[in-house]
1. Just give me the residues in the range 6-22 being of a type in the set (S, T, N, Q) and in contact with a strand residue (DSSP E or B) (Cβ under 7 Å, 6 or more places away or on another chain), in sequence order.
2. Select, from Asn90, Asn67, the only residue that is of a type in the set (S, T, N, Q) and either at pLDDT below 85 or under 14 Å from the mean Cα position of the chain (by Cα) (or both).
3. Pairs, please: C-beta under 7 Å, at least 6 apart or cross-chain, first residue among the polar types (S, T, N, Q) and in the range 94-113, second surrounded by 14 or more Cβ atoms within 10 Å (Cβ to Cβ) and at pLDDT 90 or above?
4. Taking the range 93-104 as the search range and keeping residues that are open to solvent by less than 50 Å² (accessible area, probe 1.4 Å) and over 14 Å from the mean Cα position of the chain (by Cα), which one is modelled with the highest pLDDT?
5. Kindly indicate which of Ser47, Ser122 is polar (S, T, N, Q), in contact with a helix residue (DSSP H, G or I) (Cβ under 8 Å, 6 or more places away or on another chain) and modelled with pLDDT under 85.
6. Collect the residues in the range 65-86 that are open to solvent by 10 Å² or more (accessible area, probe 1.4 Å), under 18 Å from Thr16 (Cα atoms) and not polar (S, T, N, Q), keeping them in residue-number order.
7. State all residues of the range 1-16 that are assigned to a loop (DSSP other than H, G, I, E, B) and at pLDDT 90 or above; if no residue qualifies, say none.
Amino acid sequence: IEYAHADTFLSSGTATALDAIINPDGTKDNLLFDLHQWLDKGNLGTSSICVTDVVAKNVAVFTPVVNWLRCNKRKAFLSATGGGNAASDNCMAGPTYMCQQMSYLFYNRDVIVGYTGWAAGSYDASYIYDETPTWPAGVPWVDTPLVSTCMYWP
């Protein structure tokens, strides 16, 4: 089903509107809501730098969404999220903001069924959300620091 930003999924009326969509047999089975949530300032996905209040903000964003999904017997997939790979980007440094988001989503996997880290394809390593693995000489594929540190679903 159509994507919506997790930050405005409820307040915009998107959740209510999309909840009217059902299968031909009247069930809600196997219908997923497609959510986006970025960790940069303004949640725009335009900066590699994760904001320092991301944990509190993302818990505040995802908790009502997760509760709504449970109450309405719905599920969602986070199809776009991302952050930078440099230690100075705050996505992996200190309290590892991206890792905390992914842990929160995994904890709520009964209604958040998965995620996709947004890398927009095989861009070169200078792209701010690069997640393309490399093949260094004599070494098998090596994930980017963000992917190897945070982007996993145990």
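The values are calculated or read from the model by the stated rules, or taken from the named source; none is laboratory data. Bear in mind the structure is a predicted one, so any value in this text is a computation, not a measurement. We place every Cβ from the backbone using ideal geometry, glycine too, and count neighbours over all the protein chains shown. What goes into the accessible areas is simple: the full protein's heavy atoms, side chains included, and nothing from ligands, DNA or RNA. Shrake-Rupley method; radii C 1.70, N 1.55, O 1.52, S 1.80 Å.
1. Thr14
2. Only one candidate qualifies: Asn90.
3. Between residues of the range 94-113 that are among the polar types (S, T, N, Q) and residues that are surrounded by 14 or more Cβ atoms within 10 Å (Cβ to Cβ) and at pLDDT 90 or above, the close pairs are Asn108/Val66.
4. Within the range 93-104, the first condition is being open to solvent by less than 50 Å² (accessible area, probe 1.4 Å), and the residues that meet it are 93, 96-99, 101-102.
From what's left, over 14 Å from the mean Cα position of the chain (by Cα): 93, 96.
On the way: Ala93: 59, Thr96: 69.
Looking at residues that are open to solvent by less than 50 Å² (accessible area, probe 1.4 Å) and over 14 Å from the mean Cα position of the chain (by Cα), I get Thr96.
5. Details: Ser122 fails: in contact with a helix residue (DSSP H, G or I) (Cβ under 8 Å, 6 or more places away or on another chain).
Result of the check over Ser47, Ser122: Ser47.
6. Just the residues of the range 65-86 that are open to solvent by 10 Å² or more (accessible area, probe 1.4 Å), to begin with: 67-68, 70-73, 75, 77, 79, 85-86.
Applying the additional criterion that residues be under 18 Å from Thr16 (Cα atoms) yields 67-68, 70-73, 75, 77.
Matches in the range 65-86: Trp68, Arg70, Cys71, Lys73, Lys75, Phe77.
7. In the first step, residues of the range 1-16 are kept if they are assigned to a loop (DSSP other than H, G, I, E, B); the result is 1-2, 6-13.
Listed by number, the residues that qualify are Phe9, Leu10, Ser11, Ser12, Gly13.
Rundown of residues vs (1) modelled with pLDDT of 90 or more; (2) outside any helix (DSSP H, G or I); (3) among the aromatic types (Phe, Trp, Tyr), yes/no style:
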residue: Leu18; (1), (2), (3): yes, no, no
residue: Asp29; (1), (2), (3): yes, yes, no
residue: Phe33; (1), (2), (3): yes, yes, yes
residue: Gly42; (1), (2), (3): no, no, no
residue: Val51; (1), (2), (3): no, yes, no
residue: Asp110; (1), (2), (3): yes, yes, no
residue: Thr116; (1), (2), (3): no, yes, no
